[in-house]
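Structure, as structure tokens:
The values are calculated or read from the model by the stated rules, or taken from the named source; none is laboratory data. Bear in mind that the values here come from a model prediction, so they are computed numbers and not experimental data. Because the Cβ atoms are built from the backbone with ideal geometry, glycine has one as well, and the counts that use them run over all protein chains shown.
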Number of protein chains: 2
Amino acid sequence: MRPVAVLGIGQTIIDELWDKSLREIAGDAAIKAMQDSGVEHPEGLFIGNMLSPLIGGQNQLGAFIADWVGMWQKEAVKTEAACASGAAAFRAGLMAVGSGEMDSALIVGVEKMTDNVGHDVTSALATAADADYEVEQGVSFVGLNALIMRRYMYEYGWKHADFAPFSINSHANAVHNPFARLREKITLQQFEKSAMVATPINLLDASPIGDGAAAAIIVPAEKVNSFPGRPRILVTGSASATDTIAVHSRKDPLFLSAAYLSSKRAFEMAGIDQCEIDFFELHDAFSIMSALSLEACGFAYRGEGPRLALDNEIRIGGKLPICTRGGLKARGHPVGATGMYQIVEVVQQLRGECEETQVDGAKIGMAQNIGGSGATVLTHILKAD
Amino acid sequence: MRPVAVLGIGQTIIDELWDKSLREIAGDAAIKAMQDSGVEHPEGLFIGNMLSPLIGGQNQLGAFIADWVGMWQKEAVKTEAACASGAAAFRAGLMAVGSGEMDSALIVGVEKMTDNVGHDVTSALATAADADYEVEQGVSFVGLNALIMRRYMYEYGWKHADFAPFSINSHANAVHNPFARLREKITLQQFEKSAMVATPINLLDASPIGDGAAAAIIVPAEKVNSFPGRPRILVTGSASATDTIAVHSRKDPLFLSAAYLSSKRAFEMAGIDQCEIDFFELHDAFSIMSALSLEACGFAYRGEGPRLALDNEIRIGGKLPICTRGGLKARGHPVGATGMYQIVEVVQQLRGECEETQVDGAKIGMAQNIGGSGATVLTHILKAD
């Protein structure tokens, strides 16, 4: 695969965007990315989306959004891998440009969750789990994560409050992100008193849903120089791996083996190891996922994920800043769009555009997007060249 | 993109498969393709599916089916482009192998339409059209095609019976395809007396839905020799294009511009033109689509699509045999699987495995898969090397 670079990015605020339709939200992010990149006519469009058929009654988002953003007649397709749809679309675009099939691609992660012509959101999200063996038993998506968290606390002796620093960090960073859904700090006391959702997961362990879209334009790395003034942000690592879809089928439900494998491959492809990562946009859909992701990617020993947060090493300026723009927890989690928000945020850091939450001297950033309870995991590593 | 070859194929019968779940259907085709190819552990899995979230309550089919077919931990993802989902997944796999990201990929098109835990099939299929501007007005998918057909008949002076040869041909060929849904010949008289669905489309203009899966294993062309005895079936052309999602937005609703563009690009990539195509698996979801597809791909002049059929040139032995295994009309149309059935059938022809419906000396075959009413169109050209 030839080297690929991110030339432009765009995103919308994540919120309940009642006055915007799915196509308008996607279009807003797409047009921003086109303008940011200087590429007016990308050759292909890759959409990441999970819920539009269920919630909006709309399939075929490739042609649907190509039409809306003026990419008439261009190749366009949708990729779905539950909450990892955004990164999966990014990787599809990467392979299209990397293979030489096209010289530019627009990737858009988009989700419209709050006005709903079809299913309710909880049952729609449950389609990420195993319909026959999990959902049929009445397990919701939060329920599955609650079971994992409870087992983790039992196995390794952590208290619920030990997970608080993850959420506190994400909220602290989101304050400075104009696109974030929850731009407010939270305290340990608030975390402890927050309403229970599914024991032990409470409201402040869980990320908020929302409407939003994030987009990027990618081109072959060798073409960046033909766009004067654009920074060279290379995609140096990209990998995807899966695990059993049902959590109960895993040898060890406390180890995200797909996160382990996809990060391992991405590190190999980039030719680096963990210590060279300057910051990590991880998939904190629930606080337990932050701990498991850090462990699976080799940033913490098994069972020690919360330690990094308790030691204050995940903040801006710490050893491994995570969720520097607010993460899923506070920036928000418009499911199929999230993976693209992470990519956009990595690019923002590598360009040095993050002001109060800028990671000093950030050269290499990593993003990890998780579908289901760890069933599909994509890891990307980007580098400022 | 490095050259890619199809090494193995598999398919299930298309029917109401009440005793099989979606994962079992997909698994049956996948395992057949693995066995046929000799590739026991493909490196990546690409699923084409449209309706599973709506009808089966199941998303994330990549991980879901990877798990079921023993592709543990492997990269897996789903691609959706309405009824073109199958070919879109094939193209995604092609770019993955073609880019060098992997050395083998399994592509499975799968659909389970007849037992339904969610939406009814008609409203689920309507998600391929524009939810805001078409479906909202009460137009069903057949309805849109009926409007196109009526306009075509008015514009070019064809009678309804002039479309009969398309359906008669598909049914005649399906008789010899053990995987076909409707293995029975039909007559002109039956065609004319068939029950009306949406004027002028009657039951024998329309393809039957069904459950089914079709699969292929692809590898870099240079690796075929390491599988002794396997024929070299090269993918020499692959292209995708889109049109406006709403039919009313098109300059000319009677011209499938995305079919035109994707076939043009596929011809260019293959370095051939129309006259070198030995047979054509086209997307006869409705008989009108056969005519429009032939015209858009340059096999017939504008408004002359039915002529080729009336002149008996589309049968086995004719100038351009189409739907040699029964097409959507009689083999059946399990929507997200259809594109992969077409690929599998092209491979069968190129291998000379079609017995009664074998196209003599078939060396180059073409498949075209259409999503929506022409909104996403993929064209593939395969060649026996």
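Some points to look at:
- Being assigned by TED's automatic domain parsing to the domain that holds B:F163 and either over 18 Å from the mean Cα position of the chain (by Cα) or not in a helix (DSSP H, G or I) (or both) holds for only one residue in B:I288, B:I272, and it is B:I272.
- Filtered residue count, the stretch B:312-361, keeping only those that are within 12 Å of B:F166 (Cα to Cα) and without any contact (Cβ under 8 Å) to a residue 12 or more places away in the chain: 1
- When the criteria are applied in full, B:L17 meets the requirement of being part of a loop (DSSP other than H, G, I, E, B), more than 9 Å from chain A (Cβ to nearest Cβ), under 22 Å from the mean Cα position of the chain (by Cα) and not hydroxyl-bearing (S, T, Y).
- Summed over the stretch B:296-309, residues that are outside any loop (DSSP other than H, G, I, E, B) and surrounded by fewer than 24 Cβ atoms within 10 Å (Cβ to Cβ) total 2.
- Against the test of being small (G, A, S) and free of Cβ contacts under 8 Å to residues at least 60 places away in the same chain, the options B:A300, B:A291 yield a single qualifying residue, B:A300.
- Residue list for the stretch B:211-227, filter: of a type in the set (D, E, K, R) and part of a helix (DSSP H, G or I): B:E222, B:K223
- Some residue of the stretch B:234-246 being of a type outside the set (A, V, I, L, M) and in a loop (DSSP other than H, G, I, E, B): yes
- B:L54 being surrounded by 24 or more Cβ atoms within 10 Å (Cβ to Cβ), more than 14 Å from B:P220 (Cα to Cα) and more than 7 Å from chain A (Cβ to nearest Cβ): no
- Qualifying residue in the stretch A:30-48 (condition: surrounded by fewer than 24 Cβ atoms within 10 Å (Cβ to Cβ), within 14 Å of another protein chain (Cβ to nearest Cβ) and assigned to a helix (DSSP H, G or I)): no
- Residue tally, condition in contact (Cβ under 8 Å) with a residue 12 or more places away in the chain and either in a helix (DSSP H, G or I) or among the hydrophobic types (A, V, I, L, M, F, W, C) (or both), over the stretch B:275-285: 6
- Residues satisfying the stated conditions in the stretch A:189-210, i.e. closer than 27 Å to A:L22 by Cβ and outside any strand (DSSP E or B): A:L203, A:S207, A:P208, A:I209, A:G210
- Subset of the stretch A:157-182 [of a type outside the set (D, E, K, R) and either surrounded by fewer than 17 Cβ atoms within 10 Å (Cβ to Cβ) or closer than 13 Å to A:T199 by Cα (or both)]: A:G157, A:H160, A:A161, A:V175, A:P178
- Every condition in (1) among the small types (G, A, S); (2) buried (at least 24 other Cβ atoms within 10 Å of the Cβ); (3) within 24 Å of A:S207 (Cα to Cα); (4) touching a strand residue (DSSP E or B) at 6+ places or on another chain (Cβ under 8 Å) is met by A:A291 except one, and the failing one is (4).
- For the stretch A:222-233, taking the residues that are in contact (Cβ under 8 Å) with a residue 40 or more places away in the chain and out of contact with any Leu (no Cβ under 7 Å at 6 or more places or on another chain), the one that is farthest from A:K264 (Cα to Cα) is identified as A:K223.
- Among the residues of the stretch B:183-197, those that are surrounded by fewer than 22 Cβ atoms within 10 Å (Cβ to Cβ) and either over 18 Å from B:A309 (Cβ atoms) or in contact (Cβ under 8 Å) with a residue 12 or more places away in the chain (or both) comprise B:R183, B:E184, B:K185, B:I186, B:T187, B:L188, B:Q190, B:E192, B:K193, B:A195, B:M196, B:V197.
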